[in-house]
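Peer 1: Pasting a structure here, questions to come.
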Amino acid sequence: MCGRIALYSDPPRLARLVEAGIDPGLVDGVGPHWNVGPTATILGARESSDGHRVLRPYRWGLVPRMAKDASSHKGTFNARAETVATKQMFRHAFMRGRALIPADGFFEWKTVGNIKQPYYFHRADGFPVVFAGLTECWQGEGADPVYSATIITTMSGSDMDGIHDRMPVILEQGAWDHWLDPDVIERDDLEPMLHPAPEGTLVHYPVSNEVGNIRNDRPELLHPVPEVTPLNLQW
């Protein structure tokens, strides 16, 4: 799963990264944040109706079009690659709402004894990561539209180092156009893209367990700390 990200780069930098314009709603910027969880604001880039790629804010946690209200769905911050094309909650967004979700990195936890050790993952080359995402626009009667997004996950690759059995799908630049192409709607053209990142894409290190509290949001959360091991738990 991927339920916590860091998003401290400013939107203009991320827009340049994904070769997108910036939605007017981002004029004042989003962030910086070092500990972003579900229901908070993340960023996504999609192809607009006029063929231009635009980066805009989304609520993290997909609200499907069929929802009766915007708060009735929980656990939709991730969509599994294995079922995303067929699960009712995601299949419309998979066909019509695919997006690039940029972030500076993400967190994952590993249980050691009775301790959960968080790790921070980021690209080995120093660039932000770009996740495969889905978006929707939900609007109830008399309500403002809710723009929401989810991050697709797949089975873990070697860069996860046994820390978790799943990881977010990371798209390289050469795949972006195909992923966003509104004319591409067949599962056979899209599902092969939803694979673990190649070895060496990511690096990681242990960080403070303070990241477990979403109220903590500061740069120091990304500082490395000593790793918890079964041996040092004995002392």
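Any read-out appearing in this document is the output of simple, stated calculations on the displayed coordinates, not a laboratory observation. Remember, it's a predicted structure, so these values are computed and weren't measured experimentally. Methodologically, a virtual Cβ is constructed for each residue, glycine included, from the backbone with ideal geometry; neighbour enumeration extends over all protein chains shown.
Peer 1: Short version: what are the Cα gyration tensor semi-axes of the chain, square root of 5 times each eigenvalue, largest first, in whole Å?
Peer 2: Equivalent ellipsoid of the chain: 29, 19, 18 Å, largest first.
Peer 1: Assuming a strict under-26 Å limit between Cα atoms, what lysine pair count do you get for region 5-234 once near-sequence pairs (fewer than 8 apart, same chain) are dropped?
Peer 2: So the count of such lysine pairs works out to 4.
Peer 1: Amide H to amide H under 5 Å from Thr76: which residues, 5+ apart in sequence or cross-chain, H placed 1.01 Å off N in plane?
Peer 2: Distant-sequence amide H within range of Thr76: Leu62.
Peer 1: Output wanted: per-residue J couplings in Hz (rounded whole) for region 146-156, from phi through Karplus 6.51 cos²θ - 1.76 cosθ + 1.60, θ = phi - 60°, x for Gly and Pro.
Peer 2: Karplus values, whole Hz, x for Gly and Pro: 10, 9, 10, 8, 9, 10, 7, 10, 9, 5, 6.
Peer 1: Moving to a separate point now. Residue by residue, what Karplus-based ³J(HN,Hα) values in Hz, rounded to whole numbers, does region 109-115 have, using 6.51, -1.76 and 1.60 with θ = phi - 60° and x for Gly and Pro?
Peer 2: With coefficients 6.51, -1.76 and 1.60, one gets 10, 10, 8, 10, x, 10, 10 Hz.
Peer 1: Short version: ³J(HN,Hα) in whole Hz for each residue of region 160-167, in order, from phi by Karplus 6.51 cos²θ - 1.76 cosθ + 1.60 (θ = phi - 60°), x for Gly and Pro, what are they?
Peer 2: Working through the residues one at a time gives 6, 6, x, 6, 8, 8, 9, 8 Hz.
Peer 1: Long-range amide H contacts for Val207: which residues qualify at under 5 Å (H placed 1.01 Å from N, peptide plane, sequence gap of 5 or more or a different chain)?
Peer 2: Tyr119, Tyr120, Val225
Peer 1: Which distance in Å, rounded to a whole number, links the C-alpha centroids of region 135-209 and region 56-132?
Peer 2: Distance between centres, Cα-based: 7 Å.
Peer 1: Would you work out if region 77-128 is rounded, prolate or oblate? Take a ≥ b ≥ c from the square roots of the eigenvalues of the alpha-carbon gyration tensor; rounded if a/c is under 1.5, else prolate when a/b is larger than b/c, oblate otherwise.
Peer 2: oblate
Peer 1: Once you charge only the Cβ atoms, +1 for Lys and Arg and -1 for Asp and Glu, what is the size of the charge dipole of the chain about its Cα centre, to the nearest 20 debye?
Peer 2: Once rounded to the nearest 20, the dipole reads 680 debye.
Peer 1: Treat the count of other C-beta atoms within 10 Å as a stand-in for reagent exposure and order Lys68, Lys116 from fewest to most.
Peer 2: On the way: Lys68 8, Lys116 12.
By the 10 Å Cβ count, ascending: Lys68, Lys116.
Peer 1: Amide H to amide H, which residues 5 or more places from Gly21 or on other chains are under 5 Å from it, using H placed in the peptide plane?
Peer 2: Arg53, Val54, Leu55
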